[in-house]
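Student: Encoded as structure tokens, here's the structure I'll be asking about.
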Amino acid sequence: MEKAKSILDYETVELLDNEDAIQIIDQTLLPGETKLIKLYTAKEIWDAIYLLQVRGAPAIGVTAGFGIYLLTKLVPVPDDTPENHDRNFTLLHEAFEKNKEYLASSRPTAVNLSWALNRMEKLFLTLGEDRSLTMAQIKERLREEAQTIKREDIEVCRRIGEYGLTLVKPGDGLMTHCNAGQLACCKYGTATAPMYLGQERGYHFHVYCDETRPLLQGARLTAYELHSAGIEVTLECDDMSSSLMRQGKINAVFVGCDRVAANGDAANKIGTSVDAIVAARYHVPFYVCAPTSTIDMSLKSGAQIPIEMRKPEEVTTMWYEKRMAPEGIDVYNPAFDVTDNELIAGIVTEYGIARAPYTESLKAIFEEKKNHPIQV
Ligand code: MRU
């Protein structure tokens, strides 16, 4: 009998080049329904990111890479010969910049969005200087770059998993917040990568997932994907993490991040910093898993990280049969918070584990990246 398909058998984000579409799993419907949807237009891509149909910093970056490629590909080019390079490139360039700005406005905190768009733009502008190229050739190179971003994400997460695994031992109790899993990336996830690799190697971790109010990414996504992988998982409400840590059930906390500043302050899903504070109280090491694409060395500290504010309905009505708060009540609903660097025991990147002082160690990580770029 054929094995039933698990959520881990689906691609989080896929380019369907022949159909001029991006295919994603609509994550707002999980775990109840696994529905693949296709995005064709700039508005559809923008909405999918804003509505969290595709979410998680690396997956947003990959979607943006595919998006800017597809939207550029769809610009019609008259007489596409090298002789018309300048005229045609101006045409493409106008569309590229308009779409880049539009996509970048969909969500402000996860830096992978602008990172991927800037990376695509850098290549695009370099290619634009080569007058021997047709626009079809330029479009083809953009497609390759977007696919490389996706392939790199898988390798980056695998490496984060290997480094993360050196921080724990078989049988450990691990805690995580939100979803920094395969559904937030292309495979392995970041915070979940040590868990998946540990599972393959018989580590028998017990993972505790915060449900992650208000959008429940921990309950709907992390608990779902880890459970599907056969990992032992216990779900708890966000306000139960202190109880677990006080009892000594947690040996380490692994979380993802949406943007890390040069001093190691890390923005991640709202509630992350609460776990970090509790972990410090109970001497549980708190690790942030961060691909270098999520580290923003242009920001000195977490105070400069833009924090997305979201609609009150996510707190008052969503998920409930009837409204759970008085009509007209004021609601505070930031999507992310910043964990102070001194609460972080290590930042696990694809180039190793950065330790305090982060201003120094993160610089060294980027130096390592410059000298040994990932080849995929
Ligand atoms: O609002 P979301 O669901 O996009 O928030 C996701 C998170 O905060 C993740 O922890 C983060 O993006 C890291 S994903 C590897």
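The values are calculated or read from the model by the stated rules, or taken from the named source; none is laboratory data. Note that the structure is a prediction, hence the values are computed from the model and not measured. As a convention, Cβ positions derive from the backbone with ideal geometry for all residues, glycine included, and neighbour counts pool all protein chains shown.
Student: Checking the condition of a type outside the set (Asp, Glu), in the same structural domain as Pro214 (by TED's automatic domain parsing) and touching a Leu at 6+ places or on another chain (Cβ under 7 Å), which residue from Ile277, Ile344 passes?
Tutor: Step by step, each of Ile277, Ile344 is checked, and only Ile277 is of a type outside the set (Asp, Glu), in the same structural domain as Pro214 (by TED's automatic domain parsing) and touching a Leu at 6+ places or on another chain (Cβ under 7 Å).
Student: Hey, does the range 325-335 have a residue that's modelled with pLDDT of 95 or more and crowded, with 19+ Cβ neighbours inside 10 Å?
Tutor: Looking for residues that are modelled with pLDDT of 95 or more and crowded, with 19+ Cβ neighbours inside 10 Å, one finds at least one in the range 325-335, hence yes.
Student: Within the range 129-139, does at least one residue satisfy the condition of being within 29 Å of Arg355 (Cα to Cα), touching a helix residue (DSSP H, G or I) at 6+ places or on another chain (Cβ under 7 Å), of a type outside the set (Val, Ile, Thr) and at pLDDT 95 or above?
Tutor: No - not one qualifying residue is present in the range 129-139.
Student: Got a sec? Which of His93, His85 is in a helix (DSSP H, G or I), in contact (Cβ under 8 Å) with a residue 40 or more places away in the chain and not assigned by TED's automatic domain parsing to the domain that holds Ile307?
Tutor: It is His85.
Student: State which residue is surrounded by the fewest Cβ atoms within 10 Å (Cβ to Cβ) when the search covers only the range 203-222 and only residues that are in contact (Cβ under 8 Å) with a residue 40 or more places away in the chain and part of a helix (DSSP H, G or I).
Tutor: Only one residue fits best here, namely Arg220.
Student: Please work out which one of (1) surrounded by fewer than 24 Cβ atoms within 10 Å (Cβ to Cβ); (2) touching a residue at least 12 places away in the same chain (Cβ under 8 Å) is the condition Glu200 fails and give its number.
Tutor: Answer for Glu200: the failing condition is (2).
Student: Right, Thr212: touching a His at 6+ places or on another chain (Cβ under 8 Å) and within 16 Å of the ligand (Cβ to nearest atom) or not?
Tutor: Against the criterion (touching a His at 6+ places or on another chain (Cβ under 8 Å) and within 16 Å of the ligand (Cβ to nearest atom)), Thr212 qualifies.
Student: While we're looking at this one, here's another question. All but one of (1) hydrophobic (A, V, I, L, M, F, W, C); (2) assigned by TED's automatic domain parsing to the domain that holds Ala193; (3) part of a loop (DSSP other than H, G, I, E, B); (4) in contact (Cβ under 8 Å) with a residue 60 or more places away in the chain hold for Phe366; which doesn't?
Tutor: For Phe366, the exception is condition (3).
Student: Select from the range 159-198 the residues that are under 16 Å from Thr212 (Cβ atoms) and not in a loop (DSSP other than H, G, I, E, B) and list them in ascending order.
Tutor: Matches in the range 159-198: Leu174, Met175, Thr176, Leu183, Ala184.
Student: Hey, another quick one. How do the strands (runs of 3 or more DSSP E) wholly within the range 224-292 filter down when requiring 2 or more residues that are touching a residue at least 40 places away in the same chain (Cβ under 8 Å): which remain?
Tutor: 252-255, 259-261, 266-269, 286-289
Student: I've got another one for you. Within the range 21-58, how many residues turn out to be among the charged types (D, E, K, R) and loosely packed, with under 15 Cβ neighbours inside 10 Å?
Tutor: So the count comes out to 5.
Student: Let me ask something additional. Collect the residues in the range 80-126 that are buried (at least 18 other Cβ atoms within 10 Å of the Cβ) and among the basic types (Lys, Arg), keeping them in residue-number order.
Tutor: If the condition is that a residue be buried (at least 18 other Cβ atoms within 10 Å of the Cβ) and among the basic types (Lys, Arg), then Lys100, Arg107, Arg119 are the ones that fit.
Student: More than 14 Å from the ligand (Cβ to nearest atom), in the same structural domain as Ser228 (by TED's automatic domain parsing) and surrounded by fewer than 24 Cβ atoms within 10 Å (Cβ to Cβ) - does that describe any residue in the range 180-193?
Tutor: no
Student: Would you pick out the residues in the range 22-46 that are closer than 17 Å to Lys100 by Cα and either part of a loop (DSSP other than H, G, I, E, B) or touching a residue at least 12 places away in the same chain (Cβ under 8 Å) (or both)?
Tutor: Ile22, Leu39, Tyr40, Thr41, Ala42, Ile45, Trp46
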